[in-house]
Amino acid sequence: IAWSPHQRGVFASGGGLGDPVIRFWSTQTPTAPAPRAAVNTAAQVCNLAWSAHSNELVSTHGYAHTGPQNQVMLWRYPTMAR
């Protein structure tokens with residue numbers, strides 16, 4: 001997981017090969033953390049890191065059943081444009 005330095009209580013989590021999705025969560029809900037957004041990356045998520053200067057997230061990826069493997073991707077939050 002990676003906590004956003006720009007929005008209090010927001011963090012990103014990444015899934016493995018069986019669930020290659022980056023999910024964004026908020027702890028600012030009255031009960032359990034609630035998912036805010038998600039993006040399917042088509043490859044296992046290995047690392048997540050927020051930029052200290054802009055609302056962007058870097059993700060690194062490993063194995064994929066189909067498509068490119070071993071990629072580094074830059075995402076703009078919250079649109080998730082690459």
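The values are calculated or read from the model by the stated rules, or taken from the named source; none is laboratory data. Everything numeric here is computed off the predicted structure, so don't read it as measured data. Because the Cβ atoms are built from the backbone with ideal geometry, glycine has one as well, and the counts that use them run over all protein chains shown. Only protein heavy atoms, including side chains, enter the accessible area calculation; ligands, DNA and RNA are left aside. Shrake-Rupley method; radii C 1.70, N 1.55, O 1.52, S 1.80 Å.
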Checklist entry - Given (1) at pLDDT below 90; (2) open to solvent by 60 Å² or more (accessible area, probe 1.4 Å), where does THR27 come up short, assuming only one miss? => result (2)
Next on the checklist: Please pick out the residue among LEU74, LEU57 that is within 17 Å of HIS6 (Cα to Cα), assigned to a strand (DSSP E or B) and open to solvent by 60 Å² or more (accessible area, probe 1.4 Å).
Outcome noted: LEU74
Item to check | Scope segment 5-16; condition touching a strand residue (DSSP E or B) at 6+ places or on another chain (Cβ under 6 Å) and either assigned to a loop (DSSP other than H, G, I, E, B) or surrounded by fewer than 16 Cβ atoms within 10 Å (Cβ to Cβ) (or both); matching residues | outcome: PRO5, GLY9, GLY15
Checklist entry - When segment 37-82 is examined, which residues are found to be at pLDDT below 95 and among the β-branched types (Val, Ile, Thr)? => result VAL39, THR41, THR66, THR79
Checklist entry - Out of (1) outside any strand (DSSP E or B); (2) open to solvent by 80 Å² or more (accessible area, probe 1.4 Å), what's the single condition that is false for ASP19? => result (2)
Checklist entry - What are the residues in segment 31-54 that are assigned to a loop (DSSP other than H, G, I, E, B) and hydrophobic (A, V, I, L, M, F, W, C), if any? => result ALA32, ALA42, ALA43, ALA52
Checklist outcome for this item: Restricting attention to segment 1-59, the residues that are under 13 Å from TRP75 (Cα atoms), among the hydroxyl-bearing types (Ser, Thr, Tyr) and within 10 Å of the chain's Cα centre (by Cα) number exactly 2
